[in-house]
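Reviewing the structure listed below.
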Amino acid sequence: MVHPGSLPADAAAGLSVACVALPLNVALATAAGLPASVGLVSGVVAGVVGGLLSGSRFQVTGPEAALLPLAAAIVAAHGAAGLAIATVLAGVMQVAMGFVRAGRFARLIPRPVVMGFTVGIGLLLLNTQLPRLFAVEDTHANAVALVMKRTWGAHVGWLGVAAGALTALAMVTLPRLHKRIPAVLVGLTLGTGLMVWLGTGYDAVGALPRSLPMPALPSFEGVHLAGLLPAAVGLALLASLGSLLATSSLDALTGARTHSDLDQDLVAQGLANIAAGLFGGFPVMGAIVRASASIQAGARTRAASVLHALWLFVAMALLAPLVARIPIAALTAILLVVGVRLLNLEGLVAMWNQSKSTLSVVLVTALGIAVFNVFAGIGAGLALASLLYVRRHGALRLEVQRVTDASQLQRGLHVQAPEAPVAHEALDLLVARVDGPILFINHLKLYELVDGPPWAKLVVIDLSRVTLVDAAGVATLQYLAEFLAVRGAHLALVKVPPHLEAALEPIAQHLLEARMHGSLEGALLGAGLLPTAPLEAPVVLPAHAAHSAHAAHSAHP
């Protein structure tokens, strides 16, 4: 809710955010090969729509660095009209995702993958923007090519490098003097002043309109829609993921008692993208950097987000001649500083000291994004995080005892000795308790039960502490049963938990030797190691009866 009493604080916070957003919007648009006005228009239109409708009180919507690589690729392949179409289509998809309540899944993404996402975007910015700073993007497409070729220095525009360095220096040092100093604007002013004073004919932003264009449906003429559609899907997923992660981070930053409505946020970001596309703008998403700047500047309601967009419009209407003289090198320096900050080097060093496995997820995600694309990086990060989770929580422990004497049944075993006499001369028993899940990453440990020769005549596996058995685990148990059967031995599974009965039923149906028993006594009887049968017969699945038998005979592991 917006309260009149909070408007002064929200207006001041909106102005602070606009000081950050204005040069960044212009920088992103020019870096994607679009007119600078496209970035400003997107910031104004999407900022109002997103601010009014967002599911988060403090979220700020606008062009974001994470969208730059994909947006630039769309412009290169389909032109500015193709980007406008893709932005509208992405917005429609986001609205649809919000209606089907897909926002909830964002909270399931592991934090290392989120961190890897931001680090990867930082690497992309450094890789693509360094050649622009040195004005050699025509001969060196990325920073890797820039470093590999030793002749690049002959073509560098060193005055632009100096202007960019001055801008970056101000951005880094001024906040240390006072947090309220608009470091980006000061740095941009210093860099522009240096170029105007010493340079002639430098590459600048150029003329800007002083009003918003009329909204219009993008032209489909000359656009290959079938080729554009996958890019639009990617844009929708990327913008949605980035916005949802930003909103979740804001909840943690503000310590909100109630979480933001992520589904509503998807709808808001989708409508903001539709609006930006209709005005021919750059795609947008929720921006954590701008939102955190708004909070630090004293924002109290969503009015701060809307007012930041209105301040951008005022700047476009009144300061267009000044903005037009900003050098591209200074704007590129802004993106490079943003890229370095996204690397979060301090956080990476701390993670190295705390958990190298967690750091590996971050690095795999980031390098996948930088080398391939955003979705490949996120997919690789999620896969590695899942494997590490399973490995950490899926350790398999075996307690094994070989029994050749009935007296050994009285001590140390996980099962009680049978009341019926045991055939001493025939007793050759291996009793094992499995603790933990039996999964594809650990199932090979069960092969220790058939190390030999000689092999035990009966292998009893106590499954009472097994939480899960996947397909690989079932296949391994079946293999053990077949392996022992060929050698005239038996496999018995005792104390099978009810939740495992369905998974293990194929073993019981396929192999009579692999019976599900409620006690060691039933297993011994089924293997013919009891001379008489005074007790119940072996129990085959379902194991509810086995548990009842186990309770009746007080067989305890």
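So here's what we get for this one:
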| quantity | calculated |
| --- | --- |
| Carbon plus sulfur fraction of accessible area for region 448-512, probe 1.4 Å, in percent | 60 percent |
| Karplus (6.51, -1.76, 1.60) ³J(HN,Hα), θ = phi - 60°, over region 477-493, in Hz, Gly and Pro reported as x | 4, 5, 4, 4, 4, 5, 4, 6, 4, 4, 9, x, 10, 9, 10, 10, 9 |
| Charge tally in the Cβ shell below 10 Å around Asp10, where Lys, Arg are +1 and Asp, Glu are -1, Asp10 excluded | +2 |
| Derived scalar couplings ³J(HN,Hα) [region 234-242; Karplus, 6.51 cos²θ - 1.76 cosθ + 1.60; whole Hz; x for Gly, Pro] | x, 5, 4, 5, 5, 5, 5, 4, x |
| FRET efficiency, 1/(1 + (r/R0)^6) with R0 22 Å, evaluated for Phe375 and Arg104 via beta carbons | 0.60 |
| Alpha-carbon spread of region 226-374, three principal axes, descending order, Å | 51, 41, 37 |
| Overall Cα dimensions of region 218-290, principal axis frame, Å, largest first | 50, 22, 20 |
| Binned Cα-Cα distances of region 1-118, short to long, each 10 Å bin given as a whole percent | 11, 35, 36, 17, 1 |
| Computed lengthening from Gln264 to Phe220, 0.36 nm per intervening residue step minus Cα-Cα distance | 12.8 nm |
| Segment Ile181-Val390, extension gain: residue separation times 0.36 nm, minus the distance between their alpha carbons | 70.5 nm |
| Sum of side-chain charges, Ala297 neighbourhood, beta-carbon under 10 Å (Lys, Arg +1; Asp, Glu -1) | +1 |
| Order by protection proxy (mean Cβ within 10 Å, highest first), peptides 82-91, 95-104, 364-373 | 82-91, 364-373, 95-104 |
| Summed side-chain charge close to Leu271 - residues other than Leu271 whose Cβ falls under 14 Å, Lys, Arg +1, Asp, Glu -1 | -2 |
| Residue-level accessible surface for Arg392, protein heavy atoms, 1.4 Å, Å² | 140 Å² |
| Accessible area of region 1-42 divided out per residue, in Å², using a probe of 1.4 angstrom | 32 Å² |
| Taking the convex hull of Cα positions in region 170-313, its mean projected area over all directions (nm²) | 12.5 nm² |
| Rg over Rh, two decimals, region 1-49 (C-alpha only, Kirkwood Rh) | 1.12 |
| Listed peptides 109-118, 168-177, 493-502 by packing density, highest first (mean Cβ within 10 Å) | 109-118, 493-502, 168-177 |
| For region 32-96, diffusion coefficient by Stokes-Einstein and Kirkwood Rh (Cα), 20 °C, 1.002 mPa s, µm²/s | 169 µm²/s |
| Ile181 accessible area, 1.4 Å probe, all protein chains in place, Å² to nearest 10 | 60 Å² |
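The values are calculated or read from the model by the stated rules, or taken from the named source; none is laboratory data. Computed from a prediction, not measured in an experiment: that's the story for all the values here. So basically every Cβ, Gly included, is an ideal-geometry build from the backbone, and we count neighbours across all protein chains shown. Ligands, DNA and RNA are excluded from the accessible area calculation, which covers all protein heavy atoms including side chains. Shrake-Rupley method; radii C 1.70, N 1.55, O 1.52, S 1.80 Å.
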